[in-house]
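Okay, so here's the structure we're looking at.
The values are calculated or read from the model by the stated rules, or taken from the named source; none is laboratory data. The model shown is predicted, which means the values in this text are computed figures rather than measured ones. Note that each Cβ is placed from the backbone with ideal geometry, even for glycine, and that neighbours are counted across all protein chains shown.
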Amino acid sequence: MMTSWPLLSSLIWLPILGGSLLLLIGADRPKLSRWLALGVAFATLLVSIPLYSHYASDVSVLPYNMRSIMQFTEMHVWIAAIHANYHLGADGISVALIVLTTFTTVLVIIGAWQAIEKNVNQYLAAFLVLEGLMIGVFAAMDALLFYIFFEAMLIPMFIIIGVWGGPRRVYATIKFFLYTFFGSIFMLVGLIYLYLHAGSWEISSFAQLSLSEREQTWLFFAFLIAFAVKVPMWPVHTWLPDAHVEAPTGGSVILAAIMLKIGGYGFLRFSLPITPDASESYAMLIVVLSLIAIVYVGFVALVQQDMKKLIAYSSVAHMGFVTLGIFLPLLLMRNSATPNSLAAYLGVQGAMVQMISHGLVSGAMFSCVGVIYDRMHTRMIKDYGGVANTMPWFAAFMVFFSMANCGLPGTSGFVGEFMVILSSFAAKPWIAMLAALTLIIGAAYTLWLVKRVLFGEIANDHVAKLHDINPREALMLSAFAIGVLLLGVWPAPLTELMDGSVKQIVDALTLAKA
Amino acid sequence: MQLMLPEVYLLGALCVLLLLDAFLTQERRGITHWLSIGILLVTGVLVLMGQDIRPDALTAFNGMYIHDSMAAVLKVFILGVTIAVFLFSREYLVARKLFNGEFYTLCSFAALGAMLLVSAGNLVMVYLGLELLTLSSYALVGLNRDSGLSSEAAIKYFVLGALASGLLLYGMSMIYGATGTLDLGKIHQAIADSNGAGHVLLSFGLVFLVVGIAFKFGAAPFHMWLPDVYQGAPTAVTAFIGSAPKLAAFGMAYRLLEGAMGNMGPHWQQMLSVLAVASLAVGNIAAIAQTNLKRMLAYSTISHIGFLLLGLINGTPAGYSAAMFYVISYSVMATAAFGMIMLLARPGFEAEEIDDFKGLNQRNPWFALMMLLTMASLAGIPPLFGFFAKLLVLKSVIDAGSLWLAIVAIVFAIVGAYYYLRVIKVMYFDTPLDATPLRMPHDFSFRLALSLNAVALLAVGLYWGPLIDWCNRAFHVVV
């Protein structure tokens, strides 16, 4: 459906221009900066609502070919010399991720109201520009445009972590930048190769290319390097704990909630449609890596002493479900004589729901940590104990989000994990059994964290003097909580939104390319 | 003769300027500044008009001067970069008592030499343009007579440059001996007709030619002069020799290697690919260890030249177009970077060390942002100009089938990202050594020009279609 108003362009450029405007205000007017930033972010959220409401998810006229049915498309010739176009479009999964982005950015700006005192306008400008670039990643239908947004995101995040972060922020941010830059530049070579063969940068034209097994393997690994670092998958996840720990609260929230999802989105958009045969050959590799992330990294989370590091490792474990869910359909649809499309559908749908849910839950958990860090200025678990005595409301929120992190039914964390486990059972039961270990391990590290921090005796004087959350923080945490609860109890709006796109991705897997 | 109007005009105007400057008092030296900018502007307009009126490739003076699109593009940017350097340098030179007419006239003569070089149709013309460019540059590097560092840099540049020019001439003489003609087009024809006769002599000549070109570019292993000259010369001069001669060197490389020795393509392409990889390696790795920003930029220049040479090794029009796009983007970025160094400099204090940029964001957020754009563009981060230049070169390399070369290039690009990030890190994450607000140059045109230069890196990055179309037309690339 083409609307007369360029919805996607406005979603991308409104925050970017708003952020640039903020830069001109100057660092000596924090109040104006905060309200202006909030206004721009809220306006972007409002603009993203028509994206959801006008999305026609009934794509029942789905032809059995590789062409993607994208809506809200915008197409302008950009650089004719290399056939690169400014081509935007959104399907169900893009819309879901874009709405998640706009929602989270508003909450991040609310969260940063009192925490950031230095160069407020630059901090908020960086987040707004980052928001626009992330929406651009989800909306881009031209591979060069996708790559540009993908890479351009690194600079604002680099600045955010490096200027407002913790003691080891410089190490963390340079590691983050070089690691992700390293991954994505191999993808660039792959994309250039595809462009030279397809004659255009359209992702759909890449999907229609007929590629040999060898070409597909190289391309698969090029994409894998880029997206595996982004997700992050074990063993290229080591940048994440450092980046999360050292980033300011808002930076961690955006990093966990949105930027990690870009890796999963990339797998769905690039690896699966363009290199299905190679993806099939190496699907088991990805499944094994995902399981290692789920189980092993879960154990690593268990022994952490820093709260943010614990939640960071838990993020890696949860993202393991995402990659698992994305690559299971390849085992289900192509290896067997009777392709189990329902299980494949559950796998991808589960991965997507897990993405949205994890965005909300980990965003919320990092915000919680931010709330108590603002008061105590320490993230070490040993400095806490019995916080629930002095901050009951906060404790309520934190317990709720922890339950969601464990995957308690009724919260959004359960929906995605359950779907993926069902799908993995249909593929190979041992995968399901290993994946289901997350229910135990996840509960272990999360509940232990909650117990040590919130429950028990008040540990020291600092905890005794804590005051509970103020209305602003309550607003932010409630917004996350409503999202988590809603999605957990009634995931239908989300699953129906993404239904058509997921079906199309799964159907496309039945076709071989070599 | 009419074809040469821009050069003739420039020569005449410079002679008048030289005379005029001799009679000006120091207080009136600003006249030289603005007059030289005006002269270069008029020359640029003449180049564009000439291109407009006569878009085809034509020759003058019995084939010695070639008037074509490629020359026009390069000339426009040579002149543009020189004007930018003039705008950036004034206050810097005044503070160091170097504000004299010689700087302007020498730079302009160097620009004239560069223009002749890119339009050369004859071996002698190549040498003429080259020598005019380099002799002016030698004098410019040594402009600060009282500085031992500058004088040392000038001597190094002169000796090594003279050696390289000598080798170039030697190569030219061998080629003349083998083909019997000095005209580039006729040499091309003669090699095609020779069918392998005189091959040894031609190969030797080619080797010396490549050595001369590599020296001019600053490609490893002929790069040793670059860091010392860049660091030793006054920053205003570094800004000039970091940008305009690279454009000229590209033109020279194209004229000599493709124009004359086109049929020996596989030979020089192989040589250039070795030089390219060596430059990428040496430039990127050595730059990591540098604490002096000018020296770091010098080594990074070497790495950029490596990338540029990758565009030349394919021998396809798309490759040359990508390489020209790259050299144009590089010259604009380099001017901005050195301009920023001049911005921070104060009388008696050079802002050459990376540490001098510490905490620039706190002292002056706008120019910290400008430096961020410049560094990110040099690193090749989208959506800035530098990224697209790298994209086009990578495209032409992959198109030619050298996938491994592309991977080597990008691995070194990642290594390269580190030292540019370090400058950004220092500006934004560190506390300043001196927390006073930045003493802004009074010169508004300087600040405006520098801001425009850096913002252009973003603007052109977002919309570079016209520029690549212009480059493509110059090489008749069919899209």
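Brief remarks follow.
- Restricting attention to segment B:44-61, the residues that are free of Cβ contacts under 8 Å to residues at least 40 places away in the same chain and polar (S, T, N, Q) add up to 1.
- Yes/no for A:Leu360 being farther than 27 Å from A:Ser478 by Cβ and outside any strand (DSSP E or B): no
Rundown of residues vs (1) at pLDDT below 90; (2) within 26 Å of the chain's Cα centre (by Cα), yes/no style:
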{"site": "B:Phe158", "(1), (2)": "no, yes"}
{"site": "B:Gly166", "(1), (2)": "no, yes"}
{"site": "B:Ile175", "(1), (2)": "no, no"}
{"site": "B:Ala190", "(1), (2)": "yes, no"}
{"site": "B:Asn195", "(1), (2)": "yes, no"}
{"site": "B:Leu202", "(1), (2)": "yes, no"}
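- Residue list for segment B:171-210, restricted to those being touching a strand residue (DSSP E or B) at 6+ places or on another chain (Cβ under 9 Å) and aliphatic (A, V, I, L, M): B:Leu182, B:Leu184
- Scan of segment B:470-479 for residues that are among the hydrophobic types (A, V, I, L, M, F, W, C), within 11 Å of another protein chain (Cβ to nearest Cβ) and buried (at least 16 other Cβ atoms within 10 Å of the Cβ), ordered by number: B:Trp470, B:Cys471, B:Val477
- Flag for B:Pro437 being touching a residue at least 24 places away in the same chain (Cβ under 8 Å), farther than 22 Å from B:Leu309 by Cβ, facing chain A (nearest Cβ under 10 Å) and not aromatic (Phe, Trp, Tyr): no
- Here A:Leu154 does not qualify as within 30 Å of A:Met380 (Cβ to Cβ), surrounded by fewer than 24 Cβ atoms within 10 Å (Cβ to Cβ) and within 10 Å of another protein chain (Cβ to nearest Cβ).
- Matching residues, segment A:195-204, being at the interface with another protein chain (Cβ under 10 Å from one of its Cβ atoms) and closer than 17 Å to A:Arg269 by Cβ: A:Tyr195
- Qualifying residue in segment A:166-189 (condition: in a helix (DSSP H, G or I), within 13 Å of another protein chain (Cβ to nearest Cβ), touching a residue at least 24 places away in the same chain (Cβ under 8 Å) and of a type in the set (Lys, Arg)): yes
- Among the residues listed as B:Asn284, B:Asn263, the single one being surrounded by fewer than 24 Cβ atoms within 10 Å (Cβ to Cβ) and either within 13 Å of the chain's Cα centre (by Cα) or not aliphatic (A, V, I, L, M) (or both): B:Asn263
- The set of residues from segment B:129-154 being among the β-branched types (Val, Ile, Thr) and under 17 Å from B:Thr235 (Cα atoms) comprises just one member, B:Val141.
- Answer residue from segment A:106-162, given it is over 21 Å from A:Leu32 (Cβ atoms) and outside any helix (DSSP H, G or I) and is nearest to the chain's Cα centre (by Cα) among those: A:Met153
- Summed over segment B:447-469, the residues that are at the interface with another protein chain (Cβ under 10 Å from one of its Cβ atoms), surrounded by fewer than 20 Cβ atoms within 10 Å (Cβ to Cβ) and assigned to a helix (DSSP H, G or I) give a count of 4.
- So B:Leu130, is it touching a Gly at 6+ places or on another chain (Cβ under 9 Å), part of a helix (DSSP H, G or I), surrounded by 22 or more Cβ atoms within 10 Å (Cβ to Cβ) and of a type in the set (A, V, I, L, M): yes
- Residues satisfying the stated conditions in segment A:19-32, i.e. assigned to a helix (DSSP H, G or I), in contact (Cβ under 8 Å) with a residue 60 or more places away in the chain and within 13 Å of chain B (Cβ to nearest Cβ): A:Gly19, A:Ser20, A:Leu22, A:Leu23, A:Ile25
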